[in-house]
Structure formats: structure tokens, C-alpha cells
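Quick notes on the structure that follows.
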Amino acid sequence: MTGIYIHIPFCKQACSYCDFYFSTRKQLIAPFVKALIIEIESYRDTPFTKNPVKTIYLGGGTPSLLNEQHLASIFEALHSVFDTDPEEVTIEVNPDDVSDEYLKMLIRLDVDRLSMGIQSFQQELLTFMHRAHSREEALKALESIQKTGFPAFTADLIYGNPGQSVQMLEKDIQQLLLFDPPHVSAYSLTVEPKTRLGKQVELGRIRPPDDEVVAEHFDCVESNLRDGGLQRYEVSNFAKSGREAHHNSNYWNHRNYIGFGPSAHSFWWDNTAARRWNNRADLKKYLASPAADVVEESEIIPLHSLAEERLFLGLRTIWGVSETELKDRYQYELSDLQLEWIHQQTGRGVVTFDDKILKMTGTGLKISDLLVVDLLSKK
Ligand code: SF4
């Protein structure tokens with residue numbers, strides 16, 4: 001099975017923390033959609049189209065800047081080139097683009113899941129993050145989702161903002177829970193060097209919160225969402241039972257996916273290794289030749305590296321990684337030193353190894369990346 005990711009590289013304005021690839025030149029949306037369709041068409045009758053497509057994800061950027069005609073033509077191209085039988089079609093939306101009419105249009109196009117970047121309901125934090133939407137627009141968008149009975153949605157929240165108290169975060173989560181979300185993604189604010197936030201931190205104008213404060217936020221998110229019926233199933237993702245995101249789970253499970261659009265990544269198994277490639281993050285070049293010279297980097301990833309990556313990704317989830325999977329899929333044997341490490345960490349209460357499935361405990365999840373680095377160093 002395959003997942004398809006489409007990168008829509010347009011935003012109204014740059015959020016202060018964001019280092020994704022996008023342009024604010026909305027006049028280029030129509031030419032971009034044409035180019036995107038040419039790129040999709042370039043896959044016709046290739047081996048990539050033989051597997052059924054189970055998930056489609058429109059991300060960005062801000063895909064909700066596209067109108068019905070744009071979206072319909074993209075889906076038409078996908079359905080005509082690929083063997084599509086999707087169990088999940090997601091579109092990222094910004095609250096200020098959401099209206100009853102927009103949602104009804106998405107339902108007509110068989111989009112069944114929204115991923116909405118709310119980030120916070122506190123106007124001062126939205127302003128600090130330089131978000132394009134206001135608190136009122138976020139509330140209105142959530143009301144529209146309820147009113148139209150949209151099949152599924154997830155809302156993004158950001159914690160660990162400078163000046164954000166635990167009480168403010170708790171208020172945000174309680175506000176969101178009033179709309180009964182089936183899924184929530186909560187991310188700790190990361191300071192990327194090339195962003196406006198990164199520059200302000202570098203100049204000493206802003207000081208990110210201490211690790212202890214961020215850890216408190218992490219716990220606050222978990223306990224409030226759990227009380228609201230959403231369980232953490234990955235470090236940053238929470239869902240009601242059975243409402244976990246399929247598309248993202250495919251990334252963590254190393255399933256095949258194809259990415260379209262500037263800066264999109266793809267991953268494809270080829271017997272005993274996998275290939276990963278990414279499209280050039282260059283809209284101008286993409287518009288000039290969308291079907292040729294799109295790929296910037298391509299690498300064959302050997303099984304050993306894939307196993308290590310699988311441990312990184314899988315141990316961020318509550319499902320963990322089994323020893324059998326490591327052996328059968330990646331020919332990766334846990335060494336004696338690693339087994340000894342697992343035994344020690346089980347004693348510390350940060351991992352479990354029941355039925356030979358390695359998992360992080362709640363405490364371990366907070367530092368899962370550090371623990372995996374330690375585990376891999378024992379090979
Ligand atoms: S809307 Fe999303 S992609 Fe666009 S600048 Fe903000 S965070 Fe980045």
C-alpha cells in the first residue's frame with residue numbers, strides 16, 4: 001500500500017517559528033496546480049502506481065488557500081494515475097479559511113479529515129507566533145466543523161512558548177476539549193535557526209523556556225487530554241481509541257509513500273533496501289519543469305540504517321518495536337550489550353520488553369530520542 005503526500009507551498013504570512021518551504025505569492029497558486037498535475041501525470045504507468053493508495057495527505061504550507069476547482073483537478077489527476085482506494089484523505093487547514101461552505105465543498109470532494117493549526121486560543125500567543133488567524137476565527141472554525149458534522153479532524157497545539165504558563169496551556173486544552181476533538185497533535189515549540197524566532201533568540205531578545213517548564217507542559221498536555229478521553233499514542237499525538245492518524249502512522253512504520261510538490265519527500269522499498277528522495281524546494285524551477293529535474297537528492301538506505309530509524313520512530317509510539325520485526329524485516333539482531341541495556345532500563349522504569357516488544361514507558365517517552373541514541377551505541 002502507498003501513501004501520497006502533496007506539498008502546497010503557499011501561506012498568507014510566515015509564522016515566526018516555521019521553517020517549512022512556502023511562498024506568499026498567491027498569484028502563483030493556479031500555475032502551481034497545473035505544474036503539480038504534470039508531476040502527478042509523470043508517474044503514469046510506472047511501478048509506483050501498482051500498489052493501492054490508502055492515504056492521501058495535502059500539507060504545506062496552507063492547502064486551504066486552494067479553491068474547489070484546484071482541489072478537484074488535483075484529486076482527478078491522482079485518481080486517474082494511481083490505484084486509489086483511500087481510507088483517509090486529510091487536508092491541512094488554517095482556521096481563517098474555514099467556513100461552513102468550505103467544509104461542505106471538502107466533503108463533496110471526499111476529503112474526510114481536517115488537520116487544523118490552532119496552536120493556541122490566547123490572542124497574545126497567536127500574535128507572538130505571527131499566526132494569520134485570531135482566537136475568534138479558531139472558535140468559529142471549530143463551530144463550523146461541529147455544525148457540518150465533518151467526519152474527522154485533528155487540531156494542532158503548541159506548548160513551550162516563551163511566556164506561556166501551564167495555566168494558559170491548560171485553558172487552551174480545556175477550550176479545545178469543548179469541541180470533542182477525536183485527535184490532537186501537541187508540539188513543543190522548536191527554535192529553528194533560519195526563522196524570525198530563531199533570530200530573536202540568537203540576538204537574546206527572547207529566551208526559550210527552561211527544560212523543566214517544557215517538561216511540565218508535556219505532562220499538562222497528557223493529563224488534560226487523557227481526562228478528555230484522548231490517549232497519547234506517539235510523543236506528539238493523542239487520539240480517542242481507533243481515531244489514530246493512518247497517514248502519519250505509515251511514516252513511522254516505513255510504508256511506501258510518494259511526495260509531490262516542491263520540497264516533498266518520498267520513500268519506497270526496493271527488496272532489501274529503500275530509496276528516499278526529495279523534491280527541490282524551489283517553486284520557480286518547479287513551475288518551469290515539474291516533471292523533470294524535480295528531485296534534488298536521492299539515497300539508497302541500507303537495512304541497518306532503516307532498522308535504526310525504525311527504532312527511533314517506533315519507540316516514539318506506544319506500540320514500540322518487536323524483536324521479531326527487527327529480525328525479519330531488517331535482519332537486525334539485538335546485541336548482548338543492547339539486551340543488557342534493555343534489562344537495566346526496564347529496572348529504571350523507562351522501557352518495557354514484554355513478549356519481546358520494546359516500548360517506552362510514559363517516563364521514557366519524554367526522553368525517547370536520547371534513550372534510542374544510547375541503545376544504538378551498544379550495538
Ligand atoms: S501556516 Fe503553517 S506552513 Fe505556513 S508559515 Fe505558518 S506554520 Fe508555516
**OP:** Using Cα pairs closer than 8 Å and at least 6 residues apart in sequence, work out the relative contact order for the range 2-249, in percent.
**Re:** 18 percent
Original post:
Which order results if His133, His217 are arranged by neighbouring Cβ count within 10 Å, fewest first?
Top reply: His133, His217
Original post:
For the chain, rounded, prolate or oblate, judged on the Cα gyration tensor with a ≥ b ≥ c (square roots of eigenvalues), a/c < 1.5 rounded, else prolate if a/b > b/c?
Top reply: oblate
**OP:** Determine which residues of the range 157-194 fall in the zone a paramagnetic label at Ala14 would reach in this model, i.e. backbone nitrogen under 20 Å from the point 7 Å along Cα→Cβ.
**Re:** 162, 189-194
Original post:
Tell me, what is the FRET efficiency for Ser236 and Ser80 to the nearest 0.05, using R0 = 41 angstrom and their Cβ-Cβ distance as r?
Top reply: 0.75
Original post:
Any idea what the relative contact order of the range 1-104 is, in percent, if you count C-alpha pairs under 8 Å spaced at least 6 apart?
Top reply: 36 percent
Subject >> DSSP beta bridge pairing in the range 2-249, given as percent antiparallel to the nearest 5 >> reply: 20 percent
Original post:
Sorting Ile29, Ile107, Ile56 on the 10 Å Cβ count, fewest up front, what's the list?
Top reply: Ile107, Ile29, Ile56
Subject >> the range 175-326 shape via C-alpha gyration tensor axes, a/c threshold 1.5 >> reply: oblate
Subject >> Helix-only CD estimate at 222 nm, as mean residue ellipticity for the chain, using -39500 (n - 2.57) per DSSP H run (n ≥ 4) >> reply: -12000 deg cm²/dmol
**OP:** Indicate the gyration tensor shape class of the range 62-130 (rounded, prolate or oblate), computed on the Cα atoms with a ≥ b ≥ c the square roots of the eigenvalues: a/c under 1.5 is rounded; otherwise a/b larger than b/c is prolate and the rest oblate.
**Re:** prolate
Subject >> Distance (nanometres) between label positions extended 7 Å along Cα→Cβ at Arg25 and Ser377 >> reply: 4.7 nm
**OP:** Work out, step by step, the length gained on full extension between Thr49 and Asn67: first 0.36 nm times the residue separation, then minus their alpha carbon distance; give nm to one decimal.
**Re:** 3.8 nm
**OP:** Figure the gain on full extension for Arg348 and Val295 (residue separation times 0.36 nm, minus the Cα-Cα span) and round it to one decimal in nm.
**Re:** 14.6 nm
Subject >> Order of Ile173, Ile367 under a 10 Å beta carbon neighbour criterion, fewest first >> reply: Ile367, Ile173
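Values in this text are rule-based calculations from the coordinates and carry no lab data. Predicted model only: the values in this text are computed from it and were never measured. Positions of Cβ are generated from backbone atoms using ideal geometry, with glycine treated the same way; all protein chains shown enter the neighbour counts.
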